[in-house]
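Please find one structure pasted underneath; my questions will follow.
The values are calculated or read from the model by the stated rules, or taken from the named source; none is laboratory data. Keep in mind it's a predicted model, so treat the numbers as computed, not measured. In this analysis, Cβ positions are derived from the backbone assuming ideal geometry, glycine residues included, and neighbour counts consider all displayed protein chains. The accessibility values were calculated without ligands, DNA or RNA, using every heavy atom of the protein model including side chains. Shrake-Rupley method; radii C 1.70, N 1.55, O 1.52, S 1.80 Å.
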Protein chains: 2
Amino acid sequence: MRVLVIGANGEVGHLVVQQLLSVGDEPIAGIRPDEPDEDWRDREIAVERLNLLAKPERLAQGMLGADAIIFAAGSGGRTKDDMTLLIDLDGAVKSMQAAEIAGVRRFIMLSMLFTEDRNRWADPLKPLYVAKFYADDWLVHRTHLIYTIVQPGALSFHAGTGRVKSDPLAVGSISRADVAAFMVAALHAPQARRKTIPLLSGDQSIAAVLQNL
Amino acid sequence: MRVLVIGANGEVGHLVVQQLLSVGDEPIAGIRPDEPDEDWRDREIAVERLNLLAKPERLAQGMLGADAIIFAAGSGGRTKDDMTLLIDLDGAVKSMQAAEIAGVRRFIMLSMLFTEDRNRWADPLKPLYVAKFYADDWLVHRTHLIYTIVQPGALSFHAGTGRVKSDPLAVGSISRADVAAFMVAALHAPQARRKTIPLLSGDQSIAAVLQNL
């Protein structure tokens with residue numbers, strides 16, 4: 001499967017590309033126009049430059065021929081220059097609109113735990129929660145994409161364990177590697193279609209969690 | 001009609017309260033918890049303190065008994081402290097959710113010209129356009145409120161003329177007084193229900209424009 005990873009130079013996106021390679025998918029590294037691409041070129045991985053500040057019609061050109069999109073881009077909490085609004089919200093929604101224009105129906109979204117529960121939105125992440133909430137809502141209610149929204153807890157840099165849990169009431173953390181592995185596995189799991197999935201480190205295999213959705 | 005004006009101390013909101021009084025409606029001045037209220041108290045106008053950073057359930061308490069809501073609040077372009085996200089987007093949507101909780105079905109929204117056309121979004125207002133776009137979209141697609149979205153061009157402080165036009169392709173300005181008069185007239189016009197209305201100064205009466213929607 002040809003999978004465009006938006007935000008491939010990001011902390012999760014980079015691991016998603018690795019994971020796609022390791023399971024035999026064909027990743028396309030989606031990066032910003034101003035980002036370095038040597039890392040990908042050296043390894044003969046296709047690169048697609050995408051400007052999330054551009055219009056959906058322009059973004060769609062970079063999506064043609066992809067079978068699926070994994071959205072792992074983020075402003076990195078740069079709220080000062082409005083990037084939370086322009087990237088985490090509008091950039092995400094424009095990517096969804098672009099996917100529909102380009103005819104790419106499968107869309108995996110990297111979100112955050114508790115985006116749909118305002119009672120859980122705490123400073124300093126509150127603006128990011130707002131952006132993620134409306135982006136997730138758009139994906140579910142305002143597109144016809146076959147979505148999967150993955151909502152991990154606090155992200156760690158620990159090594160992946162392959163052991164997770166999906167409990168809507170639990171709080172906790174999970175490694176970026178396990179999030180990446182889960183997103184790629186979700187791409188191939190029919191049960192994950194049109195699901196919003198909270199995700200923490202746990203004691204079940206990723207396959208078992210996907211099977212029980 | 002008892003009409004809660006959210007943002008009554010704002011430049012448009014203040015004029016909306018005046019206009020409601022002049023047509024015989026009963027305004028309730030919705031202001032922030034930290035704002036002065038002497039101006040309203042001195043004139044025996046009811047005041048409701050609303051914190052748009054609070055939860056919808058809390059906001060709903062301040063809406064009980066109102067027949068309609070006119071939303072004229074705004075962050076004033078304070079993007080630096082994330083108020084565009086927290087007030088212009090999430091504060092607006094929470095007000096809609098609160099209206100539904102409180103059983104107030106009529107909701108008039110002060111928006112901006114061209115919010116639904118990204119090609120028209122220009123700096124430095126781009127973040128505000130993003131916020132307004134998603135707030136308007138929520139009102140239309142994610143509530144059952146009987147909405148009217150008023151989308152004025154550039155706001156001036158000129159005196160009201162009572163002469164306007166609604167042309168989706170035109171660019172221009174309009175006085176805050178005419179916007180306020182239009183919003184109050186829209187409240188009483190069945191033709192304005194579930195409509196999104198671009199608004200500029202022009203040569204038609206407000207009644208004629210509403211009649212021809």
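Counting only protein heavy atoms and rolling a 1.4 Å probe, how much accessible area do B and A lose on contact, total for both sides, in Å² to 100?
Approximately 2300 Å², summed over both chains.
Bin width 5 Å, origin at 0, all Cα-Cα pairs of the stretch A:111-172: what percent of pairs per bin?
4, 15, 25, 23, 17, 13, 4, 0
Ignoring ligands, DNA and RNA, what accessible area per residue does the protein assembly as shown give at 1.4 Å, in Å²?
Per-residue accessible area for the protein assembly as shown comes out at 42 Å².
Taking the Cα centre of the stretch A:1-58 as origin and charging only Cβ (+1 Lys, Arg; -1 Asp, Glu), how large is the dipole, in debye to the nearest 20?
I would put it at about 260 debye.
What percent of all Cα-Cα pairs in the stretch A:7-103 falls in each 5 Å bin, counting up from 0?
3, 14, 24, 26, 19, 11, 3, 0
I would also like to ask the following. Given charges of +1 on the Cβ of Lys and Arg and -1 on the Cβ of Asp and Glu, with all other atoms neutral, how large is the dipole of the protein assembly as shown about its Cα centre, in debye to the nearest 20?
840 debye
Normalised by the residues of chain B, what does the relative contact order come to in percent, with Cα pairs under 8 Å and at least six apart?
Normalised by residue count, the contact order of chain B is 18 percent.
If amide H atoms are built 1.01 Å from N in the plane of the peptide, which residues on other chains or at least 5 residues away come under 5 Å of the amide H of A:Thr196?
Amide H to amide H, under 5 Å and 5 or more residues apart or across chains, A:Thr196 pairs with A:Ile149.
Once the other residues with Cβ under 13 Å from the Cβ of A:His14 are scored (Lys, Arg +1; Asp, Glu -1), what is the net sum?
Neighbour charge sum, excluding A:His14 itself: -2.
Select from chain A the helices, each a whole stretch of DSSP H, whose alpha-carbon atoms run 18 Å or more along the helix axis and whose Kyte-Doolittle mean is at least -0.5; answer none if there are none.
Correct list, ordered by number: A:126-141.
Hey, another quick one. Put the label 7 Å from Cα along Cα→Cβ for A:Gly103; what are its distances to the other copies, in nanometres, shortest first?
5.2
How big is the charge dipole of the stretch A:60-213 about its Cα centre, in debye rounded to the nearest 20, if each Lys and Arg gets +1 on its Cβ and each Asp and Glu gets -1 on its Cβ?
Computed about the Cα centre, the dipole is about 180 debye.
Per the helix-only calculation at 222 nm, which mean residue ellipticity applies to chain B, given -39500 (n - 2.57) for every DSSP H run of n ≥ 4 and division by its residues, nearest 500 deg cm²/dmol?
-9500 deg cm²/dmol
Another one. Taking Rh as the Kirkwood radius computed over C-alpha pairs, what is the Stokes-Einstein D of chain A at 4 °C in a medium of viscosity 1.567 mPa s, expressed in µm² per second?
76 µm²/s
List the residues of the stretch A:106-146 whose accessible area drops by at least 10 Å² when all protein chains are present, compared with their chain alone, using a 1.4 Å probe and counting only protein heavy atoms.
Buried-area filter returns A:Arg118, A:Asn119, A:Lys126, A:Pro127, A:Val130, A:Phe133, A:Tyr134, A:Asp137, A:Trp138, A:His141, A:Arg142.
Tally Lys and Arg at +1 and Asp and Glu at -1 over the other residues with C-beta under 12 Å from the C-beta of B:Leu125: what net charge comes out?
That sum, taken over residues with Cβ under 12 Å, equals 0.
Sticking with this one: How much of the accessible area of the protein assembly as shown, probe 1.4 Å, is carbon plus sulfur, in whole percent?
51 percent
Taking a point 7 Å out from Cα toward Cβ as the label site, list the nm distances between B:Asp39 and the same residue in every other copy, smallest first.
Label-point distances to the other copies, shortest first: 5.4 nm.
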